[in-house]
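Engineer: Structure provided below as structure tokens; questions to follow.
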Ligand code: 5GP
Ligand code: ZN
């Protein structure tokens with residue numbers, strides 16, 4: 001998708017603060033963090049939202065879930081949210097599937 005901001009981040013055309021990477025996904029810091037830990041988990045391939053991803057690619061879906069929970073466990077004390085805003089009404093602003101890992105308490 002040529003005008004998709006997360007496709008551009010995956011391609012390295014827009015810089016981001018990479019936190020972790022797996023075979024099918026990357027994790028990078030949200031540009032406008034809402035909590036002390038705020039990391040986005042983004043499949044390398046373009047899907048419009050998590051419903052599109054779940055319907056079309058279970059391998060990538062599992063990889064996204066595992067990368068997100070691994071990042072959350074590495075960075076936080078183990079208490080976190082893993083949230084997928086889906087659709088404009090739910091607050092989705094970037095239409096490339098992504099999960100938000102947010103947590104109040106970084107691991108010491
Ligand atoms: P949504 O509202 O779609 O669930 O989440 C999109 C998120 O992407 C927002 O939290 C927003 O701050 C973040 N975001 C938008 N553009 C960029 C960008 O260019 N770089 C990074 N790191 N985050 C971005
Ligand atoms: Zn995209």
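The numbers here are math on the coordinates, done by the rules we state, and not lab data. Note that the structure is a prediction, hence the values are computed from the model and not measured.
Engineer: By how many degrees, 0 to 90 and rounded to 10, does the Cα axis of helix 58-75 deviate from the longest principal axis of the chain?
Structural biologist: On a 0 to 90 degree scale, this one is about 20.
Engineer: Taking only C-alpha pairs under 8 Å that are 6+ residues apart, what is the relative contact order of the chain in percent? Don't jump to the answer; show the numbers that get you there.
Structural biologist: Working: 193 pairs, mean separation 34.1, N = 108.
Relative contact order for the chain comes out at 32 percent.
Engineer: Please state the shape class of segment 1-95: rounded when a/c is under 1.5, otherwise prolate if a/b exceeds b/c and oblate if not, all from the C-alpha gyration tensor. Write out the running numbers ahead of the final one.
Structural biologist: Details: a/c = 1.29, a/b = 1.22, b/c = 1.06.
Here segment 1-95 falls in the rounded category.
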